[in-house]
Amino acid sequence: MAAKVNAKVDFIEDWDTCGSFTLAFTGYDTGSMHDLVLLNSVGERFISEANIQPTIYTAMRHEIAKGYENAFWFLIDDNIDSNTQWLMDNAGAVKAADVTELAAITGIPVETLQATIDAYNAAAGTDNDVLGKAAVYNKGIQAPYTVVFTQPMR
């Protein structure tokens, strides 16, 4: 329908073009995904990561519809997942020693990343997360970071 009115169509035939299941396709334990930190292309959290599919997928679509790039990042540290080497070997993850390196990898300004991480950590272990993430899933996040780009499925 969109193509008939010459609208830009980015979603192609693969229903998961924003890559919300990228980690699942690598064999990653999707039950652990609730603990991860999910950022949009401008470095902001936009949904409680404790949600399940298709809720996260729908939220990613809404971010794209707002005009944000089709680029999302999962952040992990050794407290969230002690086997970050597996993520680097199997999911294309990259290590960032600090927020400055994380900014260089993601292209997101250091200040934005730091503010997002600070706000996330302020709610760690509490039920006070602004997006409603329960304390059991928010362990906080500290450097070094492991970051996984959610590759669009093309």
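Enumerate the pairs (first residue in region 27-39 and open to solvent by less than 10 Å² (accessible area, probe 1.4 Å); second residue anywhere and among the hydrophobic types (A, V, I, L, M, F, W, C) and in a helix (DSSP H, G or I)) with beta-carbon separation below 9 Å, excluding pairs fewer than 6 apart on the same chain, so at least 6 apart or on different chains.
L36/L23; V37/I117; L38/I56; L38/A59; L38/M60; L39/L113
Out of all the residues in region 87-120, which are open to solvent by 60 Å² or more (accessible area, probe 1.4 Å), in contact with a helix residue (DSSP H, G or I) (Cβ under 9 Å, 6 or more places away or on another chain) and closer than 11 Å to T146 by Cα?
Those that are open to solvent by 60 Å² or more (accessible area, probe 1.4 Å), in contact with a helix residue (DSSP H, G or I) (Cβ under 9 Å, 6 or more places away or on another chain) and closer than 11 Å to T146 by Cα: V94, K95.
Restricted to region 66-85, and to residues that are under 15 Å from the mean Cα position of the chain (by Cα) and of a type in the set (D, E, K, R), which residue is surrounded by the fewest Cβ atoms within 10 Å (Cβ to Cβ)?
Per the criteria, the residue is E69.
Taking region 40-75 only, how many residues are more than 20 Å from D127 (Cα to Cα) and touching a helix residue (DSSP H, G or I) at 6+ places or on another chain (Cβ under 7 Å)?
7
Six or more apart or on different chains, Cβ atoms under 7 Å: show the pairs whose first residue is in region 58-83 and modelled with pLDDT under 85 and whose second is of a type outside the set (S, T, N, Q) and assigned to a loop (DSSP other than H, G, I, E, B).
Filtered contacts from region 58-83: R61/C18; N70/D10; N70/C18; N70/P152.
Is it the case, given these coordinates, that K133 is open to solvent by 60 Å² or more (accessible area, probe 1.4 Å), of a type outside the set (G, A, S) and outside any helix (DSSP H, G or I)?
Criteria not met by K133.
The values are calculated or read from the model by the stated rules, or taken from the named source; none is laboratory data. This structure is a prediction, so every number in the text was calculated from the model and none was measured. FYI the Cβ positions are ideal-geometry reconstructions off the backbone, even for glycines, and counts take in every protein chain you see. Just the protein is used for accessible areas: all its heavy atoms, side chains included, with ligands, DNA and RNA removed. Shrake-Rupley method; radii C 1.70, N 1.55, O 1.52, S 1.80 Å.
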